[in-house]
Amino acid sequence: LTFDFAFEGFRIIRERPKLMAFWGAVTLFGYGVMSLIMVHMAGPALAAAMAMIRSGKLDPSTLSTLNLQIAPAVLFCAPVYIVMSSILVCAVCRVAFGETNDRMGFLGFGWQEIRIMAVRTLSLIILLGVLTAIPALAGLLGLLVTGGNAPAAAGIQALGFIAAIGVTLWLGIRLSLNGVQSFDLKRFDLFGSFALTRERFWSLFTGYATA
């Protein structure tokens, strides 16, 4: 498996345009369900958070409260995303590795999909753990360093939140090919992606951002 697999889906769609109908239907359904969940469970909180971010006036305390309101919706969306993305990754892999049964756009549901779901579930747990742990540790450190000065501690926690986003983004890109690696090896491989993405962070970041 090579680094170029990160962009294999684009090449496949270009060469087999009919697959867009199958894969697009799965994507549309998955994101439609997630959008409904977010709007139903966290619509007002999400709108308030976005308004605060756009205004540039970030209140760490208010933002933390809004995040707590949004978090349950994100947790409900996570299984939907994992199932959808795992099915699509396996479809891309089947085309790339030369399978010929395209009756349903190479879509299926079997052991390969279940394996990729397990990989993606653990990856998501790791990323969410990093995203929540760093701000929490920063807040605790802020209270210790400032001697209980709440505004200063909140400022340090805000910096921790920004750092957490950066670390989570970096780690997410480094783990982004572990599903493909697991499909190729036909075994669970959570961190094999690190070898494929070594010294390729910015190339992948640019490619994913463009997509």
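The values are calculated or read from the model by the stated rules, or taken from the named source; none is laboratory data. As the structure is a prediction and not an experimental result, all values here were calculated from the model. Neighbour counts run over all protein chains shown; Cβ positions are idealised from the backbone, glycine included. Accessible surface areas use protein heavy atoms only, side chains included; no ligands, DNA or RNA. Shrake-Rupley method; radii C 1.70, N 1.55, O 1.52, S 1.80 Å.
Our estimate of slack between VAL130 and PHE10, defined as 0.36 nm per intervening residue step minus the Cα-Cα distance, is 40.2 nm. As a fraction of the 1.4 Å probe accessible area of the chain, surface on carbon and sulfur atoms comes out at 70 percent. What the pair-distance distribution of the stretch 53-93 shows, using all Cα-Cα distances binned every 5 Å from zero, is 5, 19, 15, 13, 13, 12, 10, 8, 4 percent.
Solvent-accessible surface of the chain, taken per residue with a 1.4 Å probe and all protein chains present: 58 Å². Looking at the chain, the pairs of alpha carbons with a distance over 24 Å make up 52% of the total. For the pair TRP170 and ALA71, label points projected 7 Å from Cα toward Cβ lie 2.4 nm apart. Normalising the average separation of contacting C-alpha pairs (under 8 angstrom, six or more residues apart) by the number of residues puts the relative contact order of the chain at 21 percent. Given R0 = 30 Å, the distance between the Cβ atoms of SER203 and PHE109 translates into a calculated FRET efficiency of 0.40. Structure remark: mean-square fluctuation, Gaussian network model of the chain, C-alpha springs under 10 Å; the largest value among GLY179, GLY32, GLY139 belongs to GLY32. Spin-label model, ARG187/ALA163: points 7 Å from Cα along the beta carbon direction are separated by 3.7 nm. Residue separation of LEU137 and LYS18 scaled by 0.36 nm, minus their Cα-Cα distance, works out to 37.9 nm of gained length.
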